[in-house]
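Q: Have a look at this one.
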Amino acid sequence: MADLHFELVSPERLLRSGDVHMVVVPGTEGDFGVLAGHAPFMSTIRPGAIDVYETANGPATRIFIDGGFAEVNDKGLTILAENAVPIADIKADEVSKMLAAAREDGRLAKTEGERIVAEKLVARYEAMQAAAAN
Amino acid sequence: MATLKSLKLRIASVKSTQKITKAMKMVAAAKLRRAQEAAEAGRPYASRIEAVVASLGASITPGPQTSKMLTGSGKEETYLLVVCTSDRGLAGAFNANIVKAARVRAQALVAAGKTVKFYLVGKKGGAVIRRLFPGTIIASTEFAGVKQIGFENAAPIAEDIAARYEAGEFDIAYMYYARFQSALVQEPTEQQILPVPVSTGSGEAAAGASAAVEYEPDEEAILADLLPRNLSVQLFRALLENAASEQGSRMTAMDNATRNAGDMINRLSIQYNRQRQAAITTELVEIISGAEAL
């Protein structure tokens with residue numbers, strides 16, 4: 001079976017481009033796996049981990065992305081993400097520290113804007129923690 | 001006629017200026033490489049998101065729920081010109097060219113009876129616009145101390161612009177920046193950012209191609225998520241292109257300045273030597289005629 005062309009792009013650079021077997025993407029309405037020959041499809045992504053399977057039976061490379069957008073067309077899968085970190089690089093204790101700091105910020109926020117920013121951060125770190133845990 | 005001493009001082013001063021311009025050129029060349037890489041690395045994301053938005057925009061039928069960012073506010077009265085310049089000068093005509101592009105458009109709009117507002121990004125555009133169109137600047141940002149512009153610098157500006165748009169402060173927004181082509185060529189560019197331009201020419205082809213695409217959640221929700229993101233990305237790209245253009249322009253300008261300083265030193269040195277020889281000749285003549293008189 002032909003391989004799936006997969007591209008992971010952030011605003012700053014093209015993070016990854018290559019042929020893989022399958023990618024599992026955390027869509028807003030549920031996870032979905034993309035193999036080669038997938039029907040054209042577009043979805044937004046919630047913060048979470050994408051699993052990249054290089055080969056059919058090999059282990060998955062997990063990459064945390066901070067929300068974004070996935071597009072499947074006849075050329076392959078393109079994921080547009082604002083921020084991507086390999087799960088292996090995430091340090092659990094650092095994330096929990098940042099999460100605690102973000103929660104503290106949210107509690108102490110004086111303006112609506114500050115509160116929203118803090119809430120976003122909390123959601124991000126919670127997702128990061130969950131992704132790193134399993 | 002300048003004295004020998006003043007000539008000598010001038011040569012010394014031009015020489016030290018030349019040293020500075022030369023150093024600035026080197027610094028700009030080093031920074032240019034990094035800025036150029038960043039600008040080129042940012043292009044895939046921006047062009048992809050642009051393509052997705054254009055095809056989505058062409059495929060949906062605008063309804064009352066459709067985001068205003070796509071359909072426009074229904075009026076064409078107030079224009080916002082987002083002018084991206086650099087924070088530092090001495091970059092040749094870089095800032096002047098961008099401001100000029102914005103100024104020409106603004107004057108045409110004012111002549112047509114529209115209201116024009118300015119949103120300044122970067123410090124250097126302010127003076128001219130403040131003088132020509134006083135009281136029209138609604139906000140200005142600068143990146144003092146930011147070494148490498150990151151996405152997190154661009155996002156808040158885009159959010160601010162989007163919020164002002166939603167609040168109805170303006171109907172149409174254009175952005176001005178210099179597209180980086182090479183170290184020698186930077187093209188001042190005008191880009192419509194709001195409402196998002198949808199190519200109607202290829203609309204049929206785009207609709208045909210994307211007819212079978214499935215959306216999750218629906219198109220409207222995706223667009224609502226994508227449009228603000230698109231705005232940030234376009235702004236971010238403009239800032240990256242601008243950063244690269246600024247360094248390229250500065251490099252060229254400083255190269256010219258260094259060369260001019262070299263020419264000037266040559267001219268002054270010739271003048272200095274001639275005068276020195278003239279002084280020696282005069283002295284000799286005086287001595288000889290003094291000796292003859294004895």
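Q: Failed condition for B:I60, given (1) within 14 Å of chain A (Cβ to nearest Cβ); (2) under 20 Å from B:V233 (Cα atoms), with all others met?
A: Unmet for B:I60, out of (1) within 14 Å of chain A (Cβ to nearest Cβ); (2) under 20 Å from B:V233 (Cα atoms): (2).
Q: Here's a check for you: in the stretch A:1-50, which residue that is away from every other protein chain (no Cβ under 14 Å) and not in a strand (DSSP E or B) is farthest from B:V233 (Cα to Cα)?
A: Once the filter is applied, the top-ranked residue is A:M1.
Q: If B:R48 meets every condition in (1) among the basic types (K, R); (2) over 27 Å from the mean Cα position of the chain (by Cα); (3) at pLDDT 80 or above apart from one, which number is that one?
A: Among (1) among the basic types (K, R); (2) over 27 Å from the mean Cα position of the chain (by Cα); (3) at pLDDT 80 or above, B:R48 violates only (2).
Q: Test B:N256 against the criterion of being open to solvent by 50 Å² or more (accessible area, probe 1.4 Å) and within 26 Å of the chain's Cα centre (by Cα), and give yes or no.
A: It is true that B:N256 is open to solvent by 50 Å² or more (accessible area, probe 1.4 Å) and within 26 Å of the chain's Cα centre (by Cα).
Q: Output the number of the condition that A:R62 fails; it satisfies all remaining conditions of (1) more than 15 Å from A:L80 (Cα to Cα); (2) touching a helix residue (DSSP H, G or I) at 6+ places or on another chain (Cβ under 9 Å); (3) within 11 Å of chain B (Cβ to nearest Cβ).
A: Only one criterion in (1) more than 15 Å from A:L80 (Cα to Cα); (2) touching a helix residue (DSSP H, G or I) at 6+ places or on another chain (Cβ under 9 Å); (3) within 11 Å of chain B (Cβ to nearest Cβ) is unmet by A:R62, namely (3).
Q: Restricting to the stretch A:76-110, and then to whatever is outside any helix (DSSP H, G or I) and more than 19 Å from A:I50 (Cα to Cα), can you tell me which residue is least open to solvent (accessible area, probe 1.4 Å)?
A: In this case the residue turns out to be A:A109.
Q: Does A:A70 qualify as being over 24 Å from B:D225 (Cα atoms), outside any helix (DSSP H, G or I) and small (G, A, S)?
A: No: the conditions fail for A:A70.
Q: Looking at B:D225, B:D255, which is the one that is modelled with pLDDT of 90 or more and assigned to a helix (DSSP H, G or I)?
A: Checking each option against the conditions leaves just B:D255.
The values are calculated or read from the model by the stated rules, or taken from the named source; none is laboratory data. Computed from a predicted model, the values in this text were never measured in an experiment. Every residue, glycine as well, gets a Cβ built from its backbone with ideal geometry; the counts of neighbours run over all protein chains shown. Accessible surface areas use protein heavy atoms only, side chains included; no ligands, DNA or RNA. Shrake-Rupley method; radii C 1.70, N 1.55, O 1.52, S 1.80 Å.
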